[in-house]
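Novice: Sharing a structure, written as structure tokens. Questions coming.
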Amino acid sequence: MTPSDYAVSGVDIDAGNRAIQLMQAAVKSTYGPEVLGGIGSFGGLYDASALKLMKSPVLVASTDGVGTKVKIAAQARRYRSVGQDIVNHCINDILVQGARPLFFLDYFATSKLDPQIVAEVVTGISQACREAACALIGGETAEMPGVYAQGEFDIAGTMIGVLERESILPRPDICSGDVLLGIRSSGPHTNGYSLIRRIFEGLSLETIFPELGISLADALLAPHRSYLQVLQSTISDMQSPIKALAHLTGGGFLENIPRVLPGTVDAVIDTKAWTIPALFKLIQERGEVARDEMYRVFNMGIGMVVIVDKQDVGRLQKAIPEPTFIIGKLVEGKHKVILE
């Protein structure tokens, strides 16, 4: 068979079609009765009739990527976890406003399509969507020779969720004296990987540091954790004591916590309130990274911060089905984070 002119130029339509065939079952496994149509439509269709039962539904949208963590995935030839990463990152970003996910769309771009790699990424995306009762209703797979270097790829995604207008977070009653609770992360999540790659450059991803007990690949490719299952029931309770949530992504403690604070308070963080995971200590030591820079780049083992009235701390800790840590408090100030 004579190759098409398009294939000779570096774009293989047939490879894209094979990728679709390989991912079909995974994508369809996320469908509920709300999904109308199927793979291959020009746009995803989602029946929004159920929103009529809500008093004042508000749609929340978030788009994000996983940064240069894709370089680690490509180097290790392990692609499924970055698919989970992109979904869970977006879930957490709408969760901090009080929303639950409805549907997701993904974007995969590379220099040359490998159908197996695309299918692995989308399988990870589908797994995370199923766990969140979220439909994967569409996406795009792009082959872009000349834009991406050989063997390189990138992924991004868009999440649409919904919540009642009266339940939007953060609440307006955040004030001095409120307490900050921390919920553990599963690792660096999707942030700081350009620094991580520089620090471990030239080192095999199969290297096992004694303090980690697992390979670098296992430690660095741990999927970004979703906090939906941990917090959803508490958030959906109209009497919820949660005043605000801060997802510690790019910018770490120093830039993400102020995003949910009024301008008249500071957040004082007790950095000794939880045990810093070994991976972050290793990164800091090998890279000779200053303490404040670590807390600006990484989550340091805390992936989600909850702000609550000090009188409600005990009740909220009992409602969250895993250990939490009192990591700080709000004081009168000028919208900053203070590390102690």
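Novice: Does any residue of region 259-275 turn out to be in contact (Cβ under 8 Å) with a residue 60 or more places away in the chain and part of a helix (DSSP H, G or I)?
Specialist: For region 259-275, residues in contact (Cβ under 8 Å) with a residue 60 or more places away in the chain and part of a helix (DSSP H, G or I): present.
Novice: Moving on to the next point. Would you mind telling me which numbered condition in (1) in contact with a strand residue (DSSP E or B) (Cβ under 6 Å, 6 or more places away or on another chain); (2) among the hydroxyl-bearing types (Ser, Thr, Tyr); (3) not assigned by TED's automatic domain parsing to the domain that holds THR110 SER204 fails?
Specialist: Unmet for SER204, out of (1) in contact with a strand residue (DSSP E or B) (Cβ under 6 Å, 6 or more places away or on another chain); (2) among the hydroxyl-bearing types (Ser, Thr, Tyr); (3) not assigned by TED's automatic domain parsing to the domain that holds THR110: (1).
Yes/no matrix, rows are residues, columns are (1) β-branched (Val, Ile, Thr); (2) buried (at least 22 other Cβ atoms within 10 Å of the Cβ); (3) within 20 Å of GLY250 (Cβ to Cβ):
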position: ARG291; (1), (2), (3): no, no, yes
position: ARG296; (1), (2), (3): no, no, yes
position: MET300; (1), (2), (3): no, yes, yes
position: VAL313; (1), (2), (3): yes, no, no
position: ALA319; (1), (2), (3): no, no, no
position: ILE326; (1), (2), (3): yes, no, no
position: ILE338; (1), (2), (3): yes, no, no
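Novice: Among the listed residues ALA7, ALA19, ALA25, which satisfies the condition of being surrounded by 11 or more Cβ atoms within 10 Å (Cβ to Cβ), at pLDDT 75 or above, on the phi < 0 side of the Ramachandran plot and among the hydrophobic types (A, V, I, L, M, F, W, C)? Before the answer, list the steps.
Specialist: Working: ALA7 fails: at pLDDT 75 or above; ALA19 fails: at pLDDT 75 or above.
Result: ALA25 is the single residue among ALA7, ALA19, ALA25 that is surrounded by 11 or more Cβ atoms within 10 Å (Cβ to Cβ), at pLDDT 75 or above, on the phi < 0 side of the Ramachandran plot and among the hydrophobic types (A, V, I, L, M, F, W, C).
Novice: Continuing with the same structure: Go through (1) assigned to a strand (DSSP E or B); (2) within 21 Å of the chain's Cα centre (by Cα) one by one and return the number of the condition ALA142 breaks.
Specialist: (2)
Novice: Let me ask another. Checking the structure you have, find out if any residue of region 157-165 is touching a residue at least 60 places away in the same chain (Cβ under 8 Å), surrounded by fewer than 16 Cβ atoms within 10 Å (Cβ to Cβ), over 21 Å from ALA222 (Cα atoms) and of a type in the set (Lys, Arg).
Specialist: Filtering region 157-165 for residues touching a residue at least 60 places away in the same chain (Cβ under 8 Å) gives 157-165.
Cutting the leftovers down to surrounded by fewer than 16 Cβ atoms within 10 Å (Cβ to Cβ) gives us 164-165.
Right, trim to over 21 Å from ALA222 (Cα atoms) and you get 164-165.
Filter once more, keeping what is of a type in the set (Lys, Arg): 165.
Looking for residues that are touching a residue at least 60 places away in the same chain (Cβ under 8 Å), surrounded by fewer than 16 Cβ atoms within 10 Å (Cβ to Cβ), over 21 Å from ALA222 (Cα atoms) and of a type in the set (Lys, Arg), one finds at least one in region 157-165, hence yes.
Novice: Yes or no: VAL260 surrounded by fewer than 22 Cβ atoms within 10 Å (Cβ to Cβ), touching a strand residue (DSSP E or B) at 6+ places or on another chain (Cβ under 6 Å), within 18 Å of ASN92 (Cα to Cα) and among the β-branched types (Val, Ile, Thr)? First the steps, then the outcome.
Specialist: Working: surrounded by fewer than 22 Cβ atoms within 10 Å (Cβ to Cβ): yes; touching a strand residue (DSSP E or B) at 6+ places or on another chain (Cβ under 6 Å): yes; within 18 Å of ASN92 (Cα to Cα): yes; among the β-branched types (Val, Ile, Thr): yes.
Yes; evaluated as a whole, the condition is true for this residue.
The values are calculated or read from the model by the stated rules, or taken from the named source; none is laboratory data. Note that the structure is predicted; figures quoted are calculated from it, not measured. With ideal geometry, Cβ positions are generated from the backbone for all residues, glycine too; neighbour counts draw on all protein chains shown.
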